[in-house]
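Read-outs throughout are calculated quantities, based only on the coordinates presented, and are distinct from any laboratory measurement. Keep in mind that what you see is a predicted model, and the values were worked out from it rather than measured. Here Cβ is always computed from backbone atoms with ideal geometry, including for glycine, and neighbour counts include all displayed protein chains.
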Amino acid sequence: MELRGIVLGTLLAMALSGAARAEQVTVATDATFPPFESVDADGKLVGYDVELMEAVCKAAELDCNIIAAAWDGMIPGLTAGKYDALISQLTVTDARRKIMAFSDIYSHPTFRFVAKKGAGLDIKPGGLAGKTIAVQTGTPMDAFVTKTFPEATIKRYDGGSAPYLELTAGRADLHMSYEAQITHSFLTGDNASGFELVGPQYTGQDAPEFGEGVAIAINRRNTDLLQKINAGLATIRQNGELAAIDAKYFGANKG
């Protein structure tokens with residue numbers, strides 16, 4: 001009887017431990033922003049942020065279901081409890097901190113304009129009067145160009161890929177995005193010969209719209225999940241997995 005009790009106690013402890021490890025977390029991402037997040041030919045979510053989130057969840061022993069969601073519904077979905085977390089190159093700003101919590105920062109991106117080669121654009125306040133800038137709505141890039149280039153026409157799009165279609169079709173003169181996204185997604189193949197990065201590099205030190213860096217967003221009420229995600233992020237940073245994911249997608253030049 002004593003042995004049986006020990007065995008049953010062990011099995012119960014294992015079951016409870018397994019239940020704790022199986023905490024389910026719904027993570028939303030805007031899958032229109034390669035190489036950070038997109039949907040491949042087989043309908044699978046792929047990309048830097050997707051792989052990073054998978055690594056964080058594994059390290060934190062979380063059962064994460066990463067799903068594609070429309071950009072304009074992600075933050076409202078998080079605050080309403082539809083999603084537990086968001087990962088989509090979300091920059092940390094004071095305004096966003098008021099409505100959601102953030103993990104530790106895992107990246108410090110730079111931002112650039114891209115335009116046709118030889119366009120001769122004057123990238124400074126007042127220098128883009130009469131030009132059309134395409135951006136994804138509700139992003140740091142949208143906020144920055146709206147504030148800095150009021151004389152320009154700003155075209156806003158829900159998806160991260162749509163502004164590039166406007167640029168290549170000639171319906172926009174410039175597009176602003178993450179430098180790494182432009183370099184490692186758009187300026188490849190046919191686009192490499194016709195377009196180029198233009199103007200200065202921008203970071204959060206140049207304009208508050210670009211924020212403090214990139215992090216995972218979490219519902220403010222879920223402090224336990226925030227701690228677990230930060231622990232998982234710390235683990236993959238310390239064991240070199242984060243650096244390996246950086247190198248896989250961006251080599252030595254993340255931008």
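What does the net charge come to around GLU196 if you take all other residues with beta carbon closer than 9 Å to its beta carbon, with K and R at +1 and D and E at -1?
Net charge around GLU196: +2.
Exactly which chymotrypsin sites (Phe, Trp or Tyr not before Pro) in region 35-124 are in a DSSP loop and have at most 12 other Cβ atoms within 10 Å?
none
Mind ordering 88-96, 118-126 by average Cβ neighbours within 10 Å, highest first?
88-96, 118-126
When the chain is treated as a GNM, springs tying every alpha-carbon pair under 10 Å, which of PRO150, PRO140, PRO35 comes out with the largest mean-square fluctuation?
The residue with the greatest mean-square fluctuation here is PRO150.
In nm, what is the difference between 0.36 nm times the number of residues separating GLN238 and ILE154 and their Cα-Cα distance?
Extra length available between GLN238 and ILE154 comes to 26.1 nm.
Return, for the Cα atoms of the chain, the radius of gyration and Dmax in Å, separated by a comma.
That works out to 21.1, 86 Å for Rg and Dmax.
Grab the beta carbon distance between ASN65 and THR188, set R0 = 35 Å, and tell me the FRET efficiency rounded to 0.05.
0.70
Tell me what the chain gives for mean residue ellipticity at 222 nm when only DSSP H runs of n ≥ 4 count, each as -39,500 (n - 2.57), the sum divided by the residue total, rounded to 500 deg cm²/dmol.
Computed ellipticity for the chain at 222 nm equals -10500 deg cm²/dmol.
Can you give the % of DSSP beta bridges in the chain that are antiparallel, to the nearest 5?
Once the DSSP bridges in the chain are tallied, antiparallel ones form about 60 percent.
State to the nearest 20 debye the size of the charge dipole of the chain about its Cα centre, where the only charges are +1 on K and R beta carbons and -1 on D and E beta carbons.
Once rounded to the nearest 20, the dipole reads 340 debye.
What is the sum of charges around SER88, taking Lys and Arg as +1, Asp and Glu as -1, for the other residues whose C-beta is under 10 Å from the C-beta of SER88?
-3
GNM, the chain, Cα, under 10 Å: largest mean-square fluctuation among LYS82, LYS44, LYS155?
LYS44
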